[in-house]
1. How high is the relative contact order of region A:203-286? Use alpha-carbon pairs under 8 Å, at least six apart in sequence, and give a whole percent.
2. Filter the trypsin sites (Lys or Arg not before Pro) in region A:192-241 down to the DSSP loop ones having no more than 12 other Cβ atoms within 10 Å, then list what survives.
3. About the Cα centre, and with charges only on the beta carbon of Lys, Arg (+1) and Asp, Glu (-1), how big is the dipole of region A:166-264? Nearest 20 debye, please.
4. If one takes the longest principal axis of the Cα atoms in chain A, at what angle in degrees, from 0 to 90 and to the nearest 10, does the Cα axis of helix A:175-205 lie?
5. As a test question: what accessible area, to the nearest 10 Å², does residue B:254 have when a 1.4 Å probe is rolled over all protein chains in place?
6. Within region B:120-194, report the chymotrypsin sites (Phe, Trp or Tyr not before Pro) that DSSP leaves as loop and that have at most 11 other Cβ atoms within 10 Å.
7. Please tell me the relative contact order of chain B in percent, rounded to the nearest whole number, where contacts are Cα pairs under 8 Å and at least six residues apart.
8. Distance between the C-alpha centers of region B:5-24 and region B:139-160? Whole Å please.
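The values are calculated or read from the model by the stated rules, or taken from the named source; none is laboratory data. Keep in mind the model is a prediction, meaning the values are calculated, not measured. Methodologically, a virtual Cβ is constructed for each residue, glycine included, from the backbone with ideal geometry; neighbour enumeration extends over all protein chains shown. For the accessible areas, the whole protein counts, side chains as well, though only heavy atoms, and no ligand, DNA or RNA atoms are used. Shrake-Rupley method; radii C 1.70, N 1.55, O 1.52, S 1.80 Å.
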Amino acid sequence: MDIIGKRKIWMSISTVLIIIGLISLLTQGLNLGIDFIGGTIIEFGFEDRVETREINEILAEFYLEERSVVQQVEDSGILIRTDELEHEELTNLQNRVQEEFPTATMLRTDVVGPTIGQELSRGALLALLVAAIAIVIYISVRFEFKFAMAAIIALLHDVLIVVGAFSILGRQVNQPLIAALLTIIGYSINDTIVIFDRIREKLNFASRKETFEESANGAVVETLPRSINTSITTLLPILAILFLGGTTIQNFMIALLVGMLAGTYSSIFVASPVLVEWTNRNEAKA
Amino acid sequence: MTWKQKRMLRLASVLIILVLSAYFLYPLNESINLGLDLQGGTQVTLEAQDTEDIRVDDDAMRRSMSVIQNRVDEMGLAEPIVQREGERRIIVALPGVEDPNQAIETIGRTAQLQFKNEEGEVLMTGEYLSDARAGHEAQFNRPIISFEMTGEGGRRFAEITRQNIGRRIGIYLDEELLTNPVVNEEIPGGEGQITGFESIEEAQQTALMLRAGALPVPIEIIENRTVGPTLGATAIDQSVRAALIGLSLIVLFMIFSYKLLGLVAAISLIIYSIIVLGILAGLNATLTLPGIGGLLLSIGMAVDANVIIFERIKYEYRAGKRLKTAVNTGFKRAFKTILDSNVTTLITAAILAYFGTGIIRGFAITLSIGIIASMFTAIIVAKLIMDLVLDTKLVDNEKIFALSRR
């Protein structure tokens, strides 16, 4: 099997996917949730189905209807997303809904101020940056600098695919997406290192005749069963939670699902090819 | 040390860790703290605000913390948390609170009680109050608060009432007039009553705030996350079921792909689960919904460590080594791989735990615990079980191990 030899194909597939994501990011952007831009989310459960129109009428009494989005959740739930409300206004609104519909139970309320969102974005970016630097240092010490760079490019690939997918799907971006992205980075780097470890071992034992490219390809092919089996065992719980775990963590799980697939792909088809490409170019220069 | 002693040592360490975990886990329904997203409750982030007179400093924050702590303690909840965060923020977690909106209002109000004369000058504030209780007044059955003052407060109150006989003294709560009675005579002893409440609930809430004291600086609610008890219960049911199904699928897959080795993996996975939950209970960590996500991910990684080892054993066996040698070399070679791959993930998780807040941190902590426990079970526990199995010599058959030379 020659995976590295066909690297142009694999890298083109990734490039196309990333470009599609970037176009979507530039044209329709991300659907930022209240965690990032502030606002209020109230979720109610009712015994019978309640129409969004009826909730909109209540919102109108508070002059909120134009700044609110009301959604039906499953059979008899209602989700209201609106501006950041003062505590008194929030209480009045909830009491009013309760008064109109005595069976209403408040399931969830989130009120987030705008400063919290800014801090979250800054904190997340900082964490990503520090994590990237730490990973580069660790891999450079245990392997070589070029391995670190190839791993980071693969990580960037995964992050861009997931963020692009969220833009295309129009899914809401909240704190869980950040947690998911960081998980994906952890998983993908783990996956990549396993292959790099085999390349390192092959280079140590390699006969003089074998080129770097041949060693790398051998490593990727030999670790392929492991890569596939690990993806399956990691995807099993993700799929189980995605379908059975309820709506609360659905976005988190979708991000993980897309990210794991991207991470597995990038470990096999991006990280090692980039490493080979990097080595070949340097050798050509020398 | 002979290999036998080494093995005994390993067996003993695994058993000790298992017993310790079981000890921390007992009884199961009380040992693990559930986050507010799982058991229902409210978490608010408060931010102290500067006023024209007072700037928020460390002292103001300390006093605010203690006032809020008092107010929260009066609510009689199971395990509330009041925690300072950063320079001017306080996080309050109220698990299982029945009326979140009222609780938030009680926590967030300044509750500055003021006595003013007819000219609007402040004569006295609520800081001299030693007690305040809500009740009903005898004559019209209106809700009232009866208060008592400290010794010095009582003397000042007597003086103020003496100077204002025949005039009105307004009683204000946060600049809002509650009642405006005419003083008939000097009031000694520092006892009195406040009327002007719309309901007994309002009087009770105000009395609570007066007992706990006024906040030295106003605070603003900048974040409020409330989960009703029904949603929390649904979330925990669903995630436990999902986790069990996910685990079963992994076990089935492993046994299907690796036969006896897969069974070894399944047993170490169960041991892994006990250890992780035991560590969580022992550290008194709080399990949140994202935390469950982190745990499931670490299960994936625990299995991955087994997959790496088993694939390596297969590889070594195919290269012509004897079964026992293949197993030993497989574990030894795979160790380096597992170490490097897990350390990089651990670095990410540790950075997240350090920089992240709230859910991100909860997730990172469970992930870190999970990674460490997974390395332990994959490298120590799985090897131990393999050695014990190989010793029996009953199973020296490549098919049971899903191995072949081709």
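1. Numbers: 27 pairs, mean separation 28.1, N = 84.
33 percent.
2. Details: sites: A:198, A:200, A:202, A:208, A:209, A:226; in loops: A:208, A:209.
Hits after loop and neighbour filter: A:208, A:209.
3. Numbers: 7 positive and 7 negative charges, 15 e Å.
Result for region A:166-264 is approximately 80 debye, rounded to the nearest 20.
4. For helix A:175-205, the angle is close to 10 degrees.
5. The accessible area of residue B:254 comes to roughly 0 Å².
6. Passing both the DSSP loop test and the Cβ count: B:140.
7. Details: 646 pairs, mean separation 80.7, N = 406.
Relative contact order for chain B comes out at 20 percent.
8. So the two Cα centres are separated by 65 Å.
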